[in-house]
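Derivation of every value follows stated rules applied to the coordinates shown; laboratory data play no part. Nothing here was measured: the structure is a model prediction, and the numbers come from that model. In this analysis, Cβ positions are derived from the backbone assuming ideal geometry, glycine residues included, and neighbour counts consider all displayed protein chains.
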Amino acid sequence: MKYDNIHKAVFISRPNRFAANVSIDGHEETVHVNNTGRCRELLIPGAEVWVTAPGSPGRKTVYDLVAVQKGNGLLINIDSQAPNKVAREWLETQGFDRVIPEYRYGDSRIDFFMERQGRRYLMEVKGCTLEIDGIGYFPDAPTERGVKHLHELARASKEGYRAMLAFVIQMDGVKEVRPNVATHPAFGTALKEAKEAGVRVICLPCHVEPDGVAGLPPPNA
């Protein structure tokens, strides 16, 4: 996936979870942050960031903040829409007869329903932007929605679906994602229970550039 109209900027502050103040070519601009995670280790005053101007009508802000360079030099995409796009591109190479996004199951919308030779699959996608010593962790903020999705996947597995959780790793060089139990112990518990119920966990590594994200072959596919 690629972004148009990419611009380099410098992060100043994040007044709320949906907005950030950045400096673009020496002038301050408020931009949209399409990521509800904390990103505290990334969005630090003075950090280099990249923004895109999608040109959508009726917007309050001209730019979306899509990538940031961490202090260790790692470039991380923080666009919450990118993981589903990367996952969709990967699914289209896997020989499914049908791939349906935003599939209603139980009380949730699961990211993808797939079908192949009469077998039914469900896949929920989570983007990983938190890296510690070369390992990815999810979530970077408590996510009751994420716990709910794991419970739904576990139930689906028991009902005969081939249920999957896909972590899209929005940075280079990281191939493993672990539950961030220090931030949200319940997610770690729910993930363990989901695995025991037959839910398969897939890690989708990526190559990240300021203007795009490319999925790489998963090590555990």
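Per residue, the convex hull around the alpha carbon atoms of region 35-106 comes to 177 Å³. 3J(HN,Hα) along region 25-31, derived from phi through the Karplus expression 6.51 cos²θ - 1.76 cosθ + 1.60 where θ = phi - 60°, amounts to 6, x, 10, 7, 9, 8, 10 Hz, with x in place of Gly and Pro.
Near ASP133: Cβ cut-off under 13 Å, other residues only, Lys/Arg at +1 and Asp/Glu at -1. The net charge is -1. For region 114-152 and region 46-111, compute the distance between their C-alpha centroids and round to whole Å. Here the two parts' Cα centres lie 14 Å apart.
Size of the dipole of region 6-77 about the Cα centre, Lys and Arg at +1 and Asp and Glu at -1 on the beta carbon, nothing else charged, in debye to 20? Please list the in-between numbers first.
Numbers: 8 positive and 6 negative charges, 59 e Å.
That gives region 6-77 a dipole magnitude of about 280 debye.
Can you work out the FRET efficiency for the pair LEU216 and ILE132, with r the C-beta to C-beta distance and R0 = 22 Å, to the nearest 0.05?
On the way: r = 21 Å, r/R0 = 0.94.
FRET efficiency, LEU216 to ILE132: 0.60.
The residues neighbouring ARG162, those whose beta-carbon lies less than 13 Å from its own, together hold a net charge of +2 under the Lys/Arg +1, Asp/Glu -1 convention. Selection among TRP90, PRO101, ILE24 by position relative to the dipole of the chain gives PRO101 as farthest towards the positive end (Cβ unit charges, Cα centre). Spherically averaged projected area of the convex hull of Cα atoms, region 6-77: 4.6 nm². Applying 0.36 nm per residue to the separation of GLN117 and THR61 and subtracting their alpha-carbon distance, the gain on full extension is 15.6 nm.
Structure remark: mean-square fluctuation, Gaussian network model of the chain, C-alpha springs under 10 Å; the largest value among CYS206, CYS128, CYS39 belongs to CYS39. Inter-label distance, GLU92 to GLU159: 2.9 nm, where each label sits 7 Å from its Cα along the C-beta direction. With unit charges on the beta carbons (Lys and Arg positive, Asp and Glu negative) and the dipole taken about the Cα centre of the chain, which residue among ASN77, THR61, MET164 sits farthest to the positive side? Positive-end residue among those listed: MET164. For region 52-87, the residues whose backbone nitrogen is under 15 Å from a point 7 Å from the Cα of THR30, taken along Cα to Cβ, are 59-65. Dipole magnitude for region 84-213: about 640 debye, using +1 per Lys or Arg Cβ and -1 per Asp or Glu Cβ, origin at the Cα centre.
Using the Cα centre of the chain as the reference point, and only Cβ charges (+1 on K/R, -1 on D/E), how large is the resulting charge dipole? Debye, rounded to the nearest 20.
Numbers: 28 positive and 28 negative charges, 158 e Å.
It works out to roughly 760 debye.
Note: relative contact order over region 118-221, using C-alpha pairs below 8 Å and six or more positions apart, is 30 percent.
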